[in-house]
1. Let me check I've understood the local charge: for residue 167, count other residues with C-beta under 12 angstrom from its C-beta, Lys and Arg +1, Asp and Glu -1. What total comes out?
2. Using the Cα centre of the chain as the reference point, and only Cβ charges (+1 on K/R, -1 on D/E), how large is the resulting charge dipole? Debye, rounded to the nearest 20.
3. Express as a percent, rounded to the nearest 5, the fraction of DSSP beta bridges in segment 275-406 (both residues included) that run antiparallel.
4. Which value, in debye to the nearest 20, describes the size of the charge dipole of segment 404-453 about its Cα centre when Lys and Arg Cβ atoms bear +1, Asp and Glu Cβ atoms bear -1, and nothing else is charged?
5. Hey, can you find the accessible area per residue of the chain for me, probe 1.4 Å, expressed in square angstrom?
6. Using only the Cα atoms of segment 62-213, build the gyration tensor, take square roots of its eigenvalues as a ≥ b ≥ c, and label the shape rounded, prolate or oblate: rounded if a/c is under 1.5, else prolate if a/b is larger than b/c, else oblate.
7. Could you give the alpha-carbon Rg of segment 189-340 over 2.2 N^0.38 Å, rounded to two decimals?
8. Count the DSSP beta bridges whose two residues both fall in the chain, then state the antiparallel fraction as a percent rounded to the nearest 5.
Amino acid sequence: MAKKNGTILYKCSSCGYTQSRWLGRCPNCCEWNTLEECMLDRNAAAPAGRAAAQQKAKPMPLETVVSFDNARIMTGIAEFDHVLGGGATKRSAIIIGGEPGIGKSTLLLQTAAGVVRHTGTARVLYVSGEESAAQIKERTERLHIPPTGIEILCTMRLEDILDALDTLHPVVVIIDSIQTVYSAAAGIVPGTITQLKYSANELISWVKERDAVLILTAHVTKEGTLAGPKSLEHMVDTVISFERNNDEIRFLRAQKNRFGSVDEIGLFDMTEHGLIEIADPASLFLTRRNGSQPAGVACTALFEGSRIFTVELQALTVPAKASLSRVYSDKIDSARVARVAAVLEKRTGIQFSTHDIYINVAGGMRLTESAIDAALAMALYSARTDLAIEAHTIIIGELSLAGEIRPVTRIKQRAKAAESLGFTKIFAPEAEGGAQKIADIQELVRALFCPKT
């Protein structure tokens, strides 16, 4: 029976057997009342050897939809689960982007072992299009990862991956990486836009029909964005970036998360035994000094998701070598640095327009929160005047264009976290948690650099 561009078939929900008419009992598996109406789309290309018949989508009342309990799978890595919002949601797709050699494969192998360890009986399929099975085995031995429960598939063909999925029915599917996967239905060259979208769509469709999780890895461009079409980010549920500083610290943060916050950050230390979670990162981004604090340094407390970090900002100003001054800052947006410098020049009379500005964050953490504005302003003022800020001083607040120090969220928690790390002087726009109230940039300059007046 033809209907528009498709053909009506009846597919067994138990064994997948299809035929052209409905029967009360499946001829293949002998189950009763399992044949469901499906549509065979003639215009849709299906991978070789797979049934193209798909069950017709039908509307249903929202009140009849049953929500799932225990709908998350724990990865066994607390920092990874923290970024995901409490574990990987079933029937979801996650993509992790990072530069080559940063440790994506190491993270995913540890995740595979963590899922098996946490669930006890789960099976994980690890698909690699870049390494051989022997290379993966060697890495697991070096990292002391138990191989139990992990299935390895080294292939680039999408059809082989889908066949393995139908055979094994894993709870977690790891594809390392999606750029290497290709299907004959979309050409034979991996990495093209068509291949990426087609392969990702087939894999996502498989997990959406089952209580499984799909984790894809992807390379990044020189600009730090996810390689491949931007639509790949729209196809998945969670987009995670894997970054690093100049040392061995790795940052895991969500850029998109349909099932959790995008403000959380996970921290790891890369060692010879793999990625080690950093349990107490509160003081990780502070520089320990034996002597006095130099000029151009200011500390602040910021929230990243549900955790507080104390961070040291470092500033340097030198006369511009050309007629046009420049701002050099890769961890804080250069436009924000230029705006803070302009407010300082207007409200305090210190000239920055003739100087090049260099900004650094101790530990290499990328900062976006507005609560760093006041500390950034004082680091710039200290660098320009060569006057050091007293040690054990923390500065919290957002800076307006009028020079006001504006309130930020949860000042009391920030102040208490700073006190626990040994900070004795806390300046904030509100007097909470032992903080001294500061109203504007001029008052802050007098409190820090002219305390006797």
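The values are calculated or read from the model by the stated rules, or taken from the named source; none is laboratory data. Keep in mind it's a predicted model, so treat the numbers as computed, not measured. Cβ: placed from backbone, ideal geometry, glycine included. Neighbour counts: every protein chain shown. With ligands, DNA and RNA removed, areas are computed over all heavy atoms of the protein, side chains included. Shrake-Rupley method; radii C 1.70, N 1.55, O 1.52, S 1.80 Å.
1. Around residue 167, the charge tally is -3.
2. 840
3. Rounded to the nearest five, the antiparallel share is 75 percent.
4. That gives segment 404-453 a dipole magnitude of about 140 debye.
5. Value returned for the chain: 48 Å² of accessible area per residue.
6. oblate
7. Rg over 2.2 N^0.38 Å, computed on Cα atoms: 1.36.
8. 60
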